[in-house]
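The values are calculated or read from the model by the stated rules, or taken from the named source; none is laboratory data. On a predicted model such as this, the values are computed, not experimentally measured, just so you know. Here the Cβ positions follow ideal geometry from the backbone for every residue, glycine too, while neighbour counts run over all protein chains shown.
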Amino acid sequence: MNRLLLALALIFSGLAQPALAERVRDLGSFQGVRSNQLTGYGVVVGLNGTGDDSLEYLTMAMRGVSGRVGVQLPAGVNPALKNAAAVMVTADLPAFAKPGQHIDVTVSAIGKAKSLRGGTLILSPLYGADGQIYAMAQGNLAVGGLGISGADGSKLTVNIPTVGRIADGASVERAVETGFAAAEVLRWNLFQSDFLTATRVKDAINLAWPGTATVEDGVTLALHLPPGADTRASMIAAIEMLEVDPAETPARVIVNSRTGTVVINSAVRLYPAAISHGKLTVRIDESPSVVQPGPLSRGQTAIQQDSKLDAQEDGQHVVLFKPGASLARLVDALNLLGVSPSDLVAILEALKQAGSLKAEMVVI
């Protein structure tokens with residue numbers, strides 16, 4: 001723990017320097033120029049007995065698949081489903097994807113199928129949020145997982161054999177309209193809300209193209225660009241490469257309650273405070289012994305208790321923080337106290353309650 005805190009001190013001791021310039025493309029993105037999620041329902045066939053047992057919706061799907069190829073299953077006859085599995089098919093449709101292009105798809109079992117290894121996805125439509133078909137998926141699955149079982153019921157599973165992927169497994173059938181070329185105003189959104197950063201981006205854009213950008217709120221800039229895809233593409237490419245000094249991030253302490261990880265950013269400052277940290281360790285050793293009765297007595301065998309109590313208190317340092325103490329000073333002090341991650345959280349919470357820590361504490 002001491003080495004960890006010392007390393008943090010060395011890493012963060014120089015973070016009081018001004019923020020380095022970043023490209024506009026790393027601070028935000030243009031509204032509408034994004035990927036869209038697609039989902040669909042399908043059937044994987046060709047499995048070696050690792051498919052679903054008897055799912056009614058899989059049986060219905062198999063009847064539908066057979067009907068598309070001209071095979072009508074007799075009424076009341078259910079096909080053997082061990083070699084087939086019902087799956088959900090998901091994909092991301094990139095911005096400006098055009099019909100005929102191919103995208104990757106992920107196939108996941110939704111029933112009791114044990115493995116999709118060696119399976120083939122039958123032609124399945126992929127739908128967007130508006131209920132329209134945007135792609136058609138089909139192909140052989142590449143499965144990274146493996147599942148095996150023995151005659152005595154023992155099982156061994158490596159990774160996840162019920163999820164597979166098909167590279168270029170879906171062909172795009174419909175393009176998503178973005179309004180990129182004809183929209184009167186294009187909007188650019190910050191990844192994180194910050195009025196100062198938004199203002200600096202606006203000033204950088206207007207310095208190159210006066211009157212182009214206006215701030216709508218802490219996230220969005222409205223860009224008035226000349227119409228035409230070619231002209232706008234050139235201007236957007238140039239705008240994305242502009243360098244801007246982003247605003248310093250707010251003072252924040254992140255605590256991961258599951259792993260005990262504590263991250264303190266460089267904006268954290270401390271007001272005058274004194275910290276005394278100590279551990280009280282109480283140890284109880286029980287050494288029971290058996291006591292036998294004397295000869296010719298009527299006594300009974302008994303157990304005699306022998307307890308040893310010991311209490312130790314470690315940590316007798318008191319650390320004083322002066323006004324404006326930085327992160328490096330905080331880490332050095334906590335290193336001196338020899339605190340554990342859980343103790344560090346308790347100290348930070350106490351400092352915040354005392355009004356000495358002016359930072360937001362986020363527990364994840």
For this session: Search the range 209-234 for residues that are of a type in the set (D, E) and pair each with any residue that is outside any loop (DSSP other than H, G, I, E, B) when their beta-carbon atoms are under 7 Å apart and the residues are at least 6 apart or on different chains.
Result: E216/A222
Exercise. Has the range 16-31 got at least one residue that is more than 30 Å from E216 (Cβ to Cβ) and modelled with pLDDT under 85?
Worked result: yes
Problem set entry | Some residue of the range 249-257 being part of a loop (DSSP other than H, G, I, E, B), touching a residue at least 40 places away in the same chain (Cβ under 8 Å) and exposed (fewer than 14 other Cβ atoms within 10 Å of the Cβ) | yes
Exercise. Could you count how many residues in the range 210-248 are loosely packed, with under 14 Cβ neighbours inside 10 Å and under 27 Å from A359 (Cβ atoms)?
Worked result: 1
For this session: State the number of residues belonging to the range 24-44 that are crowded, with 16+ Cβ neighbours inside 10 Å and not small (G, A, S).
Result: 7
Exercise. Which members of the range 33-71 meet the condition of being in a loop (DSSP other than H, G, I, E, B), modelled with pLDDT of 80 or more and over 23 Å from R117 (Cβ atoms)?
Worked result: V33, R34, S35
Seminar exercise, completed: Considering the range 162-220, residues that are in a loop (DSSP other than H, G, I, E, B) and either of a type in the set (V, I, T) or in contact with a Cys (Cβ under 7 Å, 6 or more places away or on another chain) (or both), and then whichever is nearest to A91 (Cα to Cα), we arrive at V176
Exercise. Which residues, taken from the range 253-267, are of a type outside the set (A, V, I, L, M) and either in contact with a Ser or Thr (Cβ under 7 Å, 6 or more places away or on another chain) or farther than 15 Å from M361 by Cβ (or both)?
Worked result: R258, T259, G260, N265, S266
For this session: Scan the range 171-184 and give yes if some residue there is farther than 16 Å from P99 by Cα, buried (at least 16 other Cβ atoms within 10 Å of the Cβ) and at pLDDT 80 or above, otherwise no.
Result: no
Problem set entry | Selected residue (only one of T157, T120 is touching a Leu at 6+ places or on another chain (Cβ under 8 Å), at pLDDT below 90 and farther than 13 Å from G40 by Cα) | T157
